[in-house]
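Notes for the one structure printed next.
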Amino acid sequence: MQPLPEALKAIGRGWSVIPTKPRSKTPLGSWKARQRTRATNEETEAAFQTNPSAGLGFVTGEISGLVVVD
């Protein structure tokens, strides 16, 4: 799976995405900011260009309409 195309699909679904450190759940940006505002396609593309080995995280809750049980 290539993270950038999947991130763009998720943005199209209305989900808030955030790049993560490779093989980690640790965000590469402000997770708190992504709880309030979704990244644009351009911001997401730039983030993955800057960090090509980044993983992909989804911000759950109200912003994305996603609930996860862990």
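Couple of notes before you dig in:
- Of the residues making up segment 14-36, those that are without any contact (Cβ under 8 Å) to a residue 12 or more places away in the chain and within 16 Å of Glu62 (Cα to Cα) are Lys32, Ala33.
- Residues that are closer than 10 Å to Pro19 by Cβ and assigned to a loop (DSSP other than H, G, I, E, B) within segment 54-70 comprise just one, Ala54.
- Members of segment 1-35 that are modelled with pLDDT under 95, in a helix (DSSP H, G or I) and open to solvent by 90 Å² or more (accessible area, probe 1.4 Å): Trp31, Lys32
- Residue satisfying all of: in segment 36-54; polar (S, T, N, Q) and closer than 15 Å to Leu8 by Cα; surrounded by the most Cβ atoms within 10 Å (Cβ to Cβ) among these: Thr44
The values are calculated or read from the model by the stated rules, or taken from the named source; none is laboratory data. This one's a predicted model, so the numbers in the text were calculated from it and none came from an experiment. Ideal geometry is used to build each Cβ from the backbone, glycine not excepted, and the neighbour counts take in all protein chains shown. Side chains included, ligands, DNA and RNA excluded: accessible areas come from the protein's heavy atoms. Shrake-Rupley method; radii C 1.70, N 1.55, O 1.52, S 1.80 Å.
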